[in-house]
Each structure stands twice: as structure tokens, then as C-alpha cells.
1. Under 6 Å between Cβ atoms, which residue pairs at least 6 apart in sequence (or on different chains) link something in region 66-85 that is within 13 Å of residue 104 (Cα to Cα) and without any contact (Cβ under 8 Å) to a residue 12 or more places away in the chain with a partner that is open to solvent by less than 20 Å² (accessible area, probe 1.4 Å) and assigned to a helix (DSSP H, G or I)?
2. Go through region 1-12 and count every residue that is part of a helix (DSSP H, G or I) and open to solvent by 60 Å² or more (accessible area, probe 1.4 Å).
3. Which residue pairs have Cβ atoms under 9 Å apart, sit 6 or more places apart or on different chains, and have a first residue in region 15-37 that is more than 15 Å from residue 48 (Cβ to Cβ) and a second that is of a type in the set (Ser, Thr, Tyr) and at pLDDT 95 or above?
4. If I ask for residues that are basic (Lys, Arg), farther than 17 Å from residue 110 by Cβ and over 8 Å from the mean Cα position of the chain (by Cα), which ones from region 37-65 would you list?
5. Tell me, which residue of region 84-116 that is among the charged types (D, E, K, R) and in contact with a Phe, Trp or Tyr (Cβ under 8 Å, 6 or more places away or on another chain) is farthest from residue 51 (Cα to Cα)?
Amino acid sequence: MNWLPNYFFRIVNKYNSLKFTNSICKALDILSFDDYILFTDSDMFRSRYVAAGISPKVFLYYSRDNLMTVPYWYKHGNIMEPEIMEKASAVVTNSPHLANIASKFNSNSYYVGQGC
């Protein structure tokens, strides 16, 4: 669906994210989890709407690669990654460069190194 224009991409992506979120909610209910942390590893598309749907205690976004240098990710990611960073409780990165980028969208951005 990446070939879709941004407006239609967002509609389809939100629909897919809601289905994904519903599956997570079912698992949370089955496991009787009340307090949990959402850790999203550079998954800016599928996870864009998940935090709002499951209301985690803490939402961490992990930026491990500068995906905006890849045309596939840049097409929609240049808008969606900043949005998900803004909504996160904190952004953690594996490089100072990515922490600097993330800090433009979330003041709670931290370089944690490799293999966190």
C-alpha cells in the first residue's frame, strides 16, 4: 500500500492499525495485563495508532536506523515518524545522530547505544 497517495495511505493504514490493536487488546485481556509498556522498534506504520488504542503505561519508540534515507520509508515516514515520536513517552536511539533528530519531536529522546 506504500504506493498510495498520503491521504489514502493514512486511511488504509489506520484501518490496518486498528485491526492490529484489536488483536493486541484481546491478548492483553486473555493475559490479564493491566500495566504494560509498549516498545515499538522503528515500526512507524503499523504502530502509528496502537498506543492510543491500548493505552500503555509507558510508550517507547526505538529509532534504530535512519529510515528516512530510504525512499520507501521516506514517502510516508517523513510525516508519520515525527508523529509517532511526538506521541511516545520517550524515544530511544542507537546513535547520537538519531537522538538529535528525535529530540526535535520529543524532548525525552535518549541515545542508549547498541543492543539495548
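1. Final answer for the pair search is none.
2. Step one: of region 1-12, the residues part of a helix (DSSP H, G or I) are 6-12.
Going one step further and asking which of them are open to solvent by 60 Å² or more (accessible area, probe 1.4 Å), we end up with 7-8, 11.
Selection size over region 1-12: 3.
3. 37/89
4. Taking region 37-65 as the starting set, the residues that turn out to be basic (Lys, Arg) are 46, 48, 57, 64.
When the remaining residues are screened for being farther than 17 Å from residue 110 by Cβ, the result is 46, 48, 57.
Scanning region 37-65 gives a single hit, 57.
5. Within region 84-116, the subset among the charged types (D, E, K, R) is 86-87, 104.
Now restrict to residues that are in contact with a Phe, Trp or Tyr (Cβ under 8 Å, 6 or more places away or on another chain): 86-87.
Values: 86: 12, 87: 8 Å.
The qualifying residue farthest from residue 51 (Cα to Cα) is 86.
The values are calculated or read from the model by the stated rules, or taken from the named source; none is laboratory data. Since the structure is predicted, the reported quantities are computational estimates derived from the model, not experimental observations. Cβ sites come from the backbone with ideal geometry, for glycine too, and all protein chains shown count toward neighbours. For the accessible areas, the whole protein counts, side chains as well, though only heavy atoms, and no ligand, DNA or RNA atoms are used. Shrake-Rupley method; radii C 1.70, N 1.55, O 1.52, S 1.80 Å.
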